Amino acid sequence: MNIALSSYRLVNQVTSLIAPSWTAKKLLLKFLTPRHSKIKAWEVKAEEKGTRFNLSDDISAIRWLPNDASDLNGTKGSKSKPSKKVLLVHGWESRATQMYGFVPQLLKQGYEVIALDMPAHGSSSGSTTNPYEFSQTVLLAESILGSFEVIIGHSMGAGAANIAITQGLASQKLVLISGPSSIENVLRRFARFLGLNNNAVNFFIKHAGDLIGFKAEDIDLITVQKRTEIPTLFIHDRMDYEVPIIESERMLPVFTNSEFLVTEGLGHRQILKSELVLNKIEEFIIGDKLPVSN
């Protein structure tokens, strides 16, 4: 831990003793205001291969089409429209182009691929957002574009897809990479990382619930998710220090038609570029695993 972060945590420790509620509110605003990193050259090239479009007034997205796909919104291709779609949902402080690693193999399989810029991320508008808004954006995509054969989510994007499933989102298959099982767990880890004491952490959770409109602990997917037979591939790295692997492990009993790929040494972000991961996802998607009928 560097000196600047240690000093920042120390200040938060002191102020959370003196004014726990005020400190919690201040840091909650920090959490809900995602930072924007500089766009990399490879992301620019990735975007150029697709077509940027507006899902709504606030939400931007990118569409990539296979070579034999029709011309949608100016995208190059032939006249046969793709019949199957994949939705990519990025994580917190990420963006649509950072999910491009999955695109080439999906296009080869004949899928139309759509990646969202979540609220206050990438080219979408807004300065603040929250995990619940992430999930509502996934539902918005389905309502406008129709159902997706596969949804691939990373980190908070995986959590958002999972929440959306509990609210009626339809998908034939799910790929959940390094995702949280509980939004409360996410909030608590962030608050403790910034140095808040237990009292201030509880205020942090309460203020988050007040802002979103319901208690954060009510978005614990183990509680709200009924047993589901949707074929689901969980992927998590043992050395993920942002979202611990226990988060995926907690969800396995609920997803009764699932597989679990555990990686070593990829952490939270490099997992998106792993050839092992990309090949496993391709194998999972083209496989004949289907929802179990009752």
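Any read-out appearing in this document is the output of simple, stated calculations on the displayed coordinates, not a laboratory observation. Quick caveat: nothing in here was measured; it's all calculated off a predicted structure. Every residue, glycine as well, gets a Cβ built from its backbone with ideal geometry; the counts of neighbours run over all protein chains shown.
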Checklist line | Karplus-derived 3J(HN,Hα), 6.51/-1.76/1.60, for each residue of region 104-109, Hz, glycine and proline x | finding: x, 5, 5, 5, 4, 7
Notebook entry, point to check: Relative to the longest principal Cα axis of the chain, at what angle does helix 275-286 sit, 0 to 90 degrees, rounded to 10?
Noted result: 60 degrees
Check: Modelled label-to-label distance, Ala170 and Asn199, 7 Å Cα→beta-carbon offset: nm?
Finding: 5.2 nm
Next item on the list: Relative to the compact-globule scaling 2.2 N^0.38 Å, provide the ratio for the alpha-carbon radius of gyration of the chain.
Entry: 1.01
Check: What angle, in degrees between 0 and 90 and rounded to the nearest 10, separates the Cα long axis of helix 198-212 from the longest principal axis of the Cα atoms of the chain?
Finding: 50 degrees
Item checked: Selected from Leu65, Leu145, Leu116 as most flexible by GNM, with the chain as the system and alpha-carbon contacts under 10 Å -> Leu145
Next item on the list: Express in nm, to one decimal, how much length is gained between Gln13 and Asn54 on full extension, taking 0.36 nm for each residue of separation and deducting their alpha carbon distance.
Entry: 10.5 nm
Item checked: Simple spin-label estimate for Arg227 and Lys84 in nanometres, 7 Å along Cα-Cβ -> 2.8 nm
Next item on the list: Springs between alpha-carbon atoms under 10 Å, Gaussian network over the chain: tell me which of Leu88, Leu17, Leu107 tops the mean-square fluctuations.
Entry: Leu17
Next item on the list: Please order Lys26, Lys85 by the number of other Cβ within 10 Å, starting at the fewest.
Entry: Lys26, Lys85
Item checked: Under Karplus coefficients 6.51, -1.76 and 1.60, residue-wise ³J(HN,Hα) of region 41-52 in Hz, glycine/proline x -> 4, 5, 5, 4, 5, 4, 5, 5, 7, x, 10, 7
Next item on the list: Could you work out how far apart the two model spin labels at Glu275 and Gln136 are, taking each label as a point 7 Å from the Cα in the direction of the beta carbon, and quote it in nm?
Entry: 4.4 nm
Check: When the chain is fully extended, how far beyond the present Cα-Cα distance does Val262 get from His36, taking 0.36 nm per residue of separation?
Finding: 78.4 nm
Checklist line | the chain: calculated mean residue ellipticity at 222 nm from DSSP helix runs of at least 4, using -39500 (n - 2.57) | finding: -12000 deg cm²/dmol
Notebook entry, point to check: Among His36, His268, which comes first, then next, by fewest other beta-carbon atoms within 10 Å?
Noted result: His36, His268
Check: Roughly how tilted is helix 183-193, in degrees to the nearest 10 and between 0 and 90, from the longest Cα axis of the chain?
Finding: 50 degrees
Next item on the list: Sort Lys273, Lys38, Lys206 so the one with the fewest other Cβ atoms within 10 Å of its own Cβ comes first.
Entry: Lys38, Lys273, Lys206
